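One structure is given below, encoded as structure tokens.
Since every read-out is calculated from the coordinates, none of them should be taken as a lab result. Because the structure is a prediction, the values reported are computed rather than measured. Glycine gets a Cβ as well: all are built from the backbone with ideal geometry, and neighbour counts include every protein chain shown.
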Amino acid sequence: MTKPIIVVDKFSMSFGDTKVIDDLSFDVTRGETFGLLGSNGSGKTTTIRALLGAYIPTAGTLTIDGKPYKVDGTVKLGYLPEERGLYKKEKVIDTMVYFGRLKGMSAHQAKEWSLRYLERVELADKASLLVDKLSGGQQQKVQLGITIMNDPELLILDEPTKGFDPVNRRLLMTIIEEHQQKGATVIMVTHQMEEVERLCDRIILLKDGKAAAYGTVKEVKKKYGGKSLDDIFVEIYGGRDDA
């Protein structure tokens, strides 16, 4: 059996008197695409931040390749946060080259890669613009490009297609699939169930910091009588309109 690249074991997280995660355990197998799902406030982002060392867990352990995550560790990681982190007053190409160099690429390699990527996502004519002159969707494309530069073996994507129209969503999904085919492990946080159906091998649905469902897409659907993931989501969250 393939050794998990991520193991979350008996993880709990409290902020003051508020318990956000309650004894959560799951793993992510190397090379799979894993859906981390749930309504707003269910604990998804807290789990990712604890996995990446931004939060110290109240209890339990979270490891990547058998160890707590370190930036200079053995796993090449690309993280697309829900909160975007681009330098708004810098040129698009300069921003991408800067992050490429942080990932170990030469300036030439980073520039060549970035120009090819911008051409592919129809932003080649925006390379010399300041980032803050781009629309939100265009900035999202740039940030995704930075995330996948240098072919990370582990991709953590928090709402990667948020705000995209169907054409751009399909393009970004295709790019993610290409990295799957290269053997990357992908964790996806998304509310788009069609993305989960298309891309994910296994999923976990969090509710109030606990696992409400966990397994392959097929297993979860079977458990809920063959319902669609959309219908399962609604059933688990009681029809609340906060997702």
**Fill in**
Sequence order, segment 124-135: Karplus ³J(HN,Hα) from phi using 6.51 cos²θ - 1.76 cosθ + 1.60, θ = phi - 60°, Hz rounded, Gly and Pro as x, gives 4, 7, 9, 4, 9, 7, 5, 4, 6, 8, 8, 6
**Item:** For segment 88-243, share of DSSP beta bridges that run antiparallel, in % to the nearest 5
**Value:** 60
**Prompt:** Can you list the residues, at least 5 places off or on another chain, whose amide H is less than 5 Å from the amide H of Gly78, using H built in the peptide plane?
**Reply:** Leu154, Leu155, Ile156
**Message:** Helix-only estimate, please: 222 nm mean residue ellipticity of the chain, summing -39500 (n - 2.57) across DSSP H runs of length 4 or more and dividing by its residues, to the nearest 500.
**Reply:** -10500 deg cm²/dmol
**Counted charge near Tyr98, where neighbours are those whose Cβ lies closer than 14 Å (Asp, Glu -1; Lys, Arg +1)** = +4
**Surrounding net charge for Thr2, when Lys and Arg each add one and Asp and Glu each subtract one, Cβ distance under 15 Å** = -2
**Asked** Which of Lys89/Lys111; Lys44/Lys91; Lys67/Lys182 have a Cα-Cα distance over 26 Å?
**Response** Lys44/Lys91
**Complete:** Which of (i) 56, 31, 26; (ii) 87, 50, 32; (iii) 50, 39, 37 gives Cα extents along the principal axes in Å as computed here? It is (iii)
**Item:** Check: the chain dipole with +1 on Lys, Arg Cβ and -1 on Asp, Glu Cβ, in debye
**Value:** 400
**Request:** Quick one: angle between helix 136-148 and the longest Cα principal axis of the chain, in degrees between 0 and 90, rounded to 10, please.
**Result:** 80
**Request:** Check the straight Cα-Cα distances from Lys76 and name the aspartates and glutamates below 19 Å, setting aside those fewer than 8 residues away within the same chain.
**Result:** Asp27, Glu32, Asp65, Asp151, Glu153, Asp158, Glu177, Glu178
